[in-house]
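The values are calculated or read from the model by the stated rules, or taken from the named source; none is laboratory data. All of these numbers come straight from a predicted model, not from anything done at the bench. Using ideal geometry, Cβ is built from the backbone for each residue, glycine included, and neighbour counts are taken over all protein chains shown. Please note that ligands, DNA and RNA were not included when accessible areas were found on the heavy atoms of the full protein model with its side chains. Shrake-Rupley method; radii C 1.70, N 1.55, O 1.52, S 1.80 Å.
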Amino acid sequence: MKLSSKHPLVLLALGAVLGGGITQTAWLLKPAEPSDATEVPVGKSNARRSSSAASFSGANPKGVDRVGEKARQLAAGDPRAAWKQSFGMTNFAERKAFTVALMQEWGKKDPQAALEMAASLPAGELRREAYDACFTGWASLDPAAAARWAAGHLSGPLAGESYAVIANEWATMNPAAAAEWVSGLPQGMLSEGAMMAVVSGWAVQDPMAAAKWIDSFSDQERRNSALSSLATEWSAQSPADAAKWVTSRLNGPEAEELASALVGSWGAQDPQAAADWVMTLPEELQGDTAATLLSLWSDSDPRVAAAWAERFPEGDTRSEAIPEIASTWAGTEPKQALAWTTGLADSPEKTEALEEVVKTWAVVSPADLGAWVDQQAQGPDSDNLRKVAAESLVNSEPRDAMAMASKITDPAERDQSLTWLLKVWGRRDPAAAQAWAAQAGFSGNRQPQSPDE
């Protein structure tokens, strides 16, 4: 996950207010209160925010831009006065946008004073956003000082989030120095975000240096996670170079995670090139890596994904890929998915793929599925499809399921399927199930499988 030059929570503060609605920015056009004005007590500000909960639906983009611009202007003059004015906002979304812009500028000017104000806010979203914005501003000028202050004054989740913000800014300027600082933090959740921020920043400038740093990690799980993040970031910039690097590490314990991370990013940009690379992998790595690519490709172009999967030789990769494509494709184009599946050579994966298409089609359009099954020639294959289709339909359309199972030609298979379906139906609607059995003259004498089997 790449961290931009502005922390994601800052962007969320702006993004959350894009939903439209009435803006409440008129107060911002008034002059700032004198710097010696009495500060509104925190308790009263809480009451104001609570009373404005209904206005949190958002503000329009122009209103938000005006709020942020006004905050930056006020911060350049008297940020304390601007802070006092923020308590007059009744729209929480606008107040959040104002606070973020104000604290980012104040963090550059007098970060400790800004952080003191942030600490006076009650625990919650606004307080977190205020801290993040202040550290963003401070770290953009003096990340080492911001890091020392955070380590000496914060603890718990707030410390971890602040470390990530600082590392994000620091890594854009000097990733090696940021990495040295992060290496000294306690390992665990508190340093996880900071570590990923350094990986992201360093990947843009010198991915091989980032890899060398990550290789120094003693914890294998942490090392693999960071290497996977590097593969994702590097692939977004230069997938061919990233692929060469991943290929050079395929004998290591991180090989599977690296390959999947690379393909997950590369496949979104150029799935054909990613697919060609997957075909060069050892078979033990192909399965999971191909599944990662297919999850992207099947949604965007299932026909091409299907043609690619057919190129796989017999083995685990092929047996996993074909049913996966069939199931995904059937969610949008069940008839086309079925046509492709029935055209495959007889094999265990073809049988599984047909069942997956039928199951998915039963959810998408049970009536169309029933009409198609009725058109199939009688025999063991169509009996199995009717059984699978009936089992998929029983919870949503139990009568259709019973009608479909009733057409199974093998008497033993038919009775067993009907008995199983009746038990499932009977759990939800016993009266309806019993009425159907009485009308159909079905006694269910044969020993069925339990619906739980």
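Here T280 passes the criteria (1) assigned to a helix (DSSP H, G or I); (2) farther than 29 Å from A390 by Cβ except the one numbered (1).
Within region 118-144, the set of residues being free of Cβ contacts under 8 Å to residues at least 60 places away in the same chain and either open to solvent by 20 Å² or more (accessible area, probe 1.4 Å) or of a type in the set (F, W, Y) (or both) comprises A119, A123, G124, E125, R127, Y131, F135, W138, S140, L141, D142, A144. Only one entry in D316, D241, D288 is open to solvent by 10 Å² or more (accessible area, probe 1.4 Å), modelled with pLDDT under 85, closer than 28 Å to E192 by Cβ and over 18 Å from the mean Cα position of the chain (by Cα), namely D288. Determine whether region 74-92 contains at least one residue that is in contact with a Gly (Cβ under 9 Å, 6 or more places away or on another chain) and more than 25 Å from V198 (Cα to Cα). For region 74-92, residues in contact with a Gly (Cβ under 9 Å, 6 or more places away or on another chain) and more than 25 Å from V198 (Cα to Cα): present. On the basis of being within 28 Å of the chain's Cα centre (by Cα), part of a helix (DSSP H, G or I) and buried (at least 19 other Cβ atoms within 10 Å of the Cβ), does A147 make the cut? Spelling it out, it is not the case that A147 is within 28 Å of the chain's Cα centre (by Cα), part of a helix (DSSP H, G or I) and buried (at least 19 other Cβ atoms within 10 Å of the Cβ).
Scanning region 292-309 for residues that are closer than 12 Å to A275 by Cβ and either of a type in the set (D, E, K, R) or in a loop (DSSP other than H, G, I, E, B) (or both) yields a single hit, D301. Evaluated against (1) open to solvent by less than 10 Å² (accessible area, probe 1.4 Å); (2) modelled with pLDDT of 85 or more, A261 falls short on exactly one condition, (1).
When you scan region 352-363, do you find a residue that is assigned to a loop (DSSP other than H, G, I, E, B) and buried (at least 19 other Cβ atoms within 10 Å of the Cβ), even just one? No: region 352-363 contains no residue that is assigned to a loop (DSSP other than H, G, I, E, B) and buried (at least 19 other Cβ atoms within 10 Å of the Cβ).
Take region 177-194 and flag every residue that is open to solvent by 70 Å² or more (accessible area, probe 1.4 Å) and of a type in the set (F, W, Y). Matches in region 177-194: none. Residue-level analysis places G77 among those that are more than 33 Å from the chain's Cα centre (by Cα) and not basic (K, R). Does region 417-438 contain at least one residue that is open to solvent by 40 Å² or more (accessible area, probe 1.4 Å), modelled with pLDDT under 90 and not in a helix (DSSP H, G or I)? No, region 417-438 contains no residue that is open to solvent by 40 Å² or more (accessible area, probe 1.4 Å), modelled with pLDDT under 90 and not in a helix (DSSP H, G or I). Of all residues in region 373-398, those satisfying the criterion of being over 40 Å from the mean Cα position of the chain (by Cα) and open to solvent by 30 Å² or more (accessible area, probe 1.4 Å) are D374, Q375, Q376, A377, Q378, P380. The residue that is nearest to A210 (Cα to Cα), counting only those in region 165-176 that are open to solvent by 10 Å² or more (accessible area, probe 1.4 Å) and either touching a residue at least 60 places away in the same chain (Cβ under 8 Å) or aliphatic (A, V, I, L, M) (or both), is A176. Would you check if there is a residue in region 85-96 being buried (at least 21 other Cβ atoms within 10 Å of the Cβ) and closer than 15 Å to D132 by Cβ? Yes, region 85-96 contains a residue that is buried (at least 21 other Cβ atoms within 10 Å of the Cβ) and closer than 15 Å to D132 by Cβ. When L154 is tested against (1) of a type in the set (A, V, I, L, M, F, W, C); (2) at pLDDT below 95; (3) crowded, with 20+ Cβ neighbours inside 10 Å, just one condition goes unmet, and that condition is (3).
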